[in-house]
Amino acid sequence: MWTEAVDLHSHSTHSDGAHAVSEVAEKMVERGVKVWALTDHDTASGWSEAAAAARSRQLHFIPGMEITCRVEHPADVEELARHEQERPSASWHLLAYFPNHTVGGNDPAMTDFLAWLAPHREGREPRMRAMCLRLSDLGMPVDPETVMARASGSVGRPHLAETMVELGYVADKQEAFERWIGDGLPAFVPHALPTLSETVARVKAAGGITSLAHPRYYGVPSLKLMEILKATGVEAVEAVHRSHADAYRYELMEHARHAGLGITVGSDFHGDGYGHAPGRMPVNLKALVPAFRP
């Protein structure tokens, strides 16, 4: 049996999404989603709003986040070319879910986890200041305070791209990423990041489940990817992602099944202006991690 009622990857204005949490919840409902996770980057700041928005809309909400980690394995040139990727992502992204966590409750394990996460989230601000300085050196002065004012939670490169558009340095956000602030480009500054295995251990200690987000961006062949996930303790892979072709989704599902890993599904919804839409991504219920089944 298949379902289109699950979306486990979305963003709000608490990180680099375009919409408030309640708007994201409403858009999920409009697209027939029944199980929803808000996964803002390196932050849980939107969970309370999301839980309230879900209750009022009969949505099953799962607290989540997308944690930025170090690159775990070098990219394969042929694998990048297969997915029409010019370069690999400068970081790997791990989706962390806490299906048994009560938002607003007294949970010492979650308190410990968020305390561990805080320096990684706060590290985004000095990184953004460094990127603004690089842009200034390139003849494009940007006030970092203006960029950070755009984020109610975790500041990210999309906020910088929006500011660059407003200042007339680029025609649109895509140009900002492709010419200046994308991975490895002149104004790019890398994160100081945790390892995948360290992050998995921290998430598990807080009662969470992990899934590797959008693997096509890393340039690692599927079989090797499954080996890495098994070795680091990751429980699942986001096989069904909006950027994945059907053949790649099937490939990941089959290799995950043979490796004893689960599947997650996510639109990676950032907002209407990004050309994204939530939900309506078919996934096999048997492959889906049981905690996320409708």
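Descriptive notes on the structure:
- Scanning the stretch 144-175 for residues that are under 19 Å from the mean Cα position of the chain (by Cα) and surrounded by fewer than 15 Cβ atoms within 10 Å (Cβ to Cβ) yields a total of 1.
- Checked against (1) touching a strand residue (DSSP E or B) at 6+ places or on another chain (Cβ under 7 Å); (2) at positive phi, Ile263 meets all criteria but (2).
- Pick from the stretch 80-112, criterion under 15 Å from Leu225 (Cα atoms) and touching a strand residue (DSSP E or B) at 6+ places or on another chain (Cβ under 6 Å), ranking: surrounded by the fewest Cβ atoms within 10 Å (Cβ to Cβ): Ser91
To keep it simple, each residue is scored yes or no on (1) assigned to a helix (DSSP H, G or I); (2) hydroxyl-bearing (Ser, Thr, Tyr).
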{"site": "Ala109", "(1), (2)": "yes, no"}
{"site": "Phe113", "(1), (2)": "yes, no"}
{"site": "Ala118", "(1), (2)": "yes, no"}
{"site": "Arg127", "(1), (2)": "yes, no"}
{"site": "Met140", "(1), (2)": "no, no"}
{"site": "Val147", "(1), (2)": "yes, no"}
{"site": "Ser152", "(1), (2)": "no, yes"}
{"site": "Glu178", "(1), (2)": "yes, no"}
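- Selection count, the stretch 132-185, where residues are among the hydroxyl-bearing types (Ser, Thr, Tyr) and within 20 Å of Arg121 (Cα to Cα): 3
- Within the stretch 96-106, tally of residues that are in contact (Cβ under 8 Å) with a residue 24 or more places away in the chain and in a loop (DSSP other than H, G, I, E, B): 6
- Scanning the stretch 237-286 for residues that are of a type in the set (D, E, K, R) and not in a strand (DSSP E or B) gives Arg242, Asp246, Arg249, Glu251, Glu254, Arg257, Asp268, Asp272, Arg280, Lys286.
- Residue within the stretch 210-222 that is among the small types (Gly, Ala, Ser), assigned to a helix (DSSP H, G or I), assigned by TED's automatic domain parsing to the domain that holds Asp76 and surrounded by fewer than 16 Cβ atoms within 10 Å (Cβ to Cβ) present: no
- Residues (at pLDDT 95 or above, among the small types (Gly, Ala, Ser) and either in contact with a His (Cβ under 8 Å, 6 or more places away or on another chain) or over 26 Å from Lys204 (Cβ atoms) (or both)) located in the stretch 67-108: Ala75, Ala81
The values are calculated or read from the model by the stated rules, or taken from the named source; none is laboratory data. Since this is a predicted model, take the numbers as computed values, not measurements. Don't worry about glycine lacking a Cβ; one is built from the backbone with ideal geometry, like all the others, and counts go over all protein chains shown.
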